[in-house]
Ligand code: MG
């Protein structure tokens, strides 16, 4: 069993600004797991918000000895336990390794991941397309460029949120979702959400800082729109506390540590009556396609990280003419490096 990795800096088509940061490139660590002549692919896109970096991912990966830890690569429960024990603070690195081994298993069985989970790929939803913070005119221009996508996710928490929505509403009447990325205060959130409810907005993601869950409860009681937790929803263990503060959650592989924990979050959220979406960091088609495998179980998808970059080295999930996710029918995650024209 061999684990290998290399850095790939993904270049963004446009500067990607949210309420707390702005980036032109995003470092990722691409991981492969090889065994018995088959190679599986995984990816880590570490987030500073969660205390990770490409260096922390690489040093976490260097601590692993899968050959010693795993009697059999199919034993994903053992892999999960080993990863949690060995690199607990590195969910992106854990997600990458579990993704690569999961891809390996699917390839070795000759079946796509959605099929191994018993899912109907026809139930995959449309993905929203993210418009990052910029001037109202520039954001309206990005919306024009995003003609192919049926639903937009607008990043707010900048200096002129209402100006942005007004400029966007002059160029499109598509459904909009809004993500404040913890950028509002309590009173501001209630005020802005009240206004957004009249602008064709479906729901609002993470209005307040994750540390202000009491405030989010207060906002939720007064909110004219459903609220979705992102920064507040790391793993399944976080979810019971969110009932009464949020209506839904945004799962991300890089926060929760992998596909199996994402699946646990799905079932936990359903049991708690929370709606479900799955989102992403800026990622290549490897991690986006892995996340897409779960989407037949979810209400919404925001899997556009690969669409925002100019140098995606892989192909995997695609979109149909309506913006719906088309899950690959090839074995495993269904991803392959672009240098190869045939799936590996
Ligand atoms: Mg978010």
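Have a look at 241, 262 and point out the one that is part of a helix (DSSP H, G or I), within 16 Å of the ligand (Cβ to nearest atom) and either modelled with pLDDT of 95 or more or touching a strand residue (DSSP E or B) at 6+ places or on another chain (Cβ under 6 Å) (or both).
Details: 241 fails: within 16 Å of the ligand (Cβ to nearest atom).
Checking each option against the conditions leaves just 262.
Which one is nearest to the ligand (Cβ to nearest atom) among residues in region 193-212 that are in a loop (DSSP other than H, G, I, E, B) and buried (at least 24 other Cβ atoms within 10 Å of the Cβ)?
Residue satisfying both the conditions and the ranking: 206.
Before we move on, is residue 233 within 14 Å of the ligand (Cβ to nearest atom) and over 20 Å from residue 133 (Cα atoms)? When the stated conditions are applied, residue 233 passes them. Among the numbered conditions (1) within 16 Å of the ligand (Cβ to nearest atom); (2) part of a loop (DSSP other than H, G, I, E, B); (3) surrounded by fewer than 23 Cβ atoms within 10 Å (Cβ to Cβ); (4) modelled with pLDDT of 95 or more, the only one that residue 184 does not meet is (3).
Okay, residues lined up against (1) in contact (Cβ under 8 Å) with a residue 24 or more places away in the chain; (2) within 14 Å of residue 30 (Cα to Cα); (3) within 15 Å of the chain's Cα centre (by Cα):
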position: 287; (1), (2), (3): yes, yes, yes
position: 300; (1), (2), (3): yes, no, yes
position: 304; (1), (2), (3): yes, no, yes
position: 307; (1), (2), (3): yes, no, yes
position: 311; (1), (2), (3): yes, yes, no
position: 314; (1), (2), (3): yes, yes, no
position: 320; (1), (2), (3): no, no, no
position: 324; (1), (2), (3): yes, no, no
position: 327; (1), (2), (3): yes, no, no
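Residue 189 fulfils the conditions (1) over 23 Å from residue 256 (Cβ atoms); (2) more than 16 Å from the ligand (Cβ to nearest atom); (3) in a helix (DSSP H, G or I) except for a single criterion, (2).
Scanning region 226-238 for residues that are part of a strand (DSSP E or B) and in contact with a helix residue (DSSP H, G or I) (Cβ under 8 Å, 6 or more places away or on another chain) gives 227, 229. Looking across region 244-259 at every residue that is closer than 19 Å to residue 49 by Cβ and part of a strand (DSSP E or B), the one that is nearest to the ligand (Cβ to nearest atom) is identified as 250.
Could you pull out the residue among 278, 288 that is modelled with pLDDT of 95 or more, within 16 Å of the ligand (Cβ to nearest atom) and farther than 15 Å from residue 236 by Cα? Outline the logic, then answer.
Values: 278 fails: farther than 15 Å from residue 236 by Cα.
The conditions single out 288.
Residues satisfying the criterion are present in region 213-225 (criterion: away from the ligand (no atom under 16 Å from the Cβ), at pLDDT 95 or above and in contact with a strand residue (DSSP E or B) (Cβ under 6 Å, 6 or more places away or on another chain)). Only a single criterion out of (1) under 19 Å from residue 124 (Cβ atoms); (2) surrounded by fewer than 18 Cβ atoms within 10 Å (Cβ to Cβ) is not satisfied by residue 287, namely (2). Of all the criteria given as (1) outside any strand (DSSP E or B); (2) within 13 Å of the ligand (Cβ to nearest atom); (3) in contact with a strand residue (DSSP E or B) (Cβ under 6 Å, 6 or more places away or on another chain), the one not satisfied by residue 130 is (1).
Could you grab me the full set of residues in region 308-322 that are more than 17 Å from residue 294 (Cα to Cα) and part of a loop (DSSP other than H, G, I, E, B)? Write out each step before concluding.
The first filter runs over region 308-322 and keeps only residues more than 17 Å from residue 294 (Cα to Cα), leaving 308-315, 320-322.
If the condition is that a residue be more than 17 Å from residue 294 (Cα to Cα) and part of a loop (DSSP other than H, G, I, E, B), then 310, 311, 312, 313, 320, 321, 322 are the ones that fit.
Taken over region 291-306, the criterion of being touching a helix residue (DSSP H, G or I) at 6+ places or on another chain (Cβ under 8 Å), within 16 Å of the ligand (Cβ to nearest atom) and at pLDDT 95 or above is satisfied by 291, 298, 301, 303.
The values are calculated or read from the model by the stated rules, or taken from the named source; none is laboratory data. Since the model is a prediction, treat every value here as computed from it, not as a measurement. All Cβ positions, glycine included, derive from the backbone under ideal geometry; neighbour counts span all protein chains shown.
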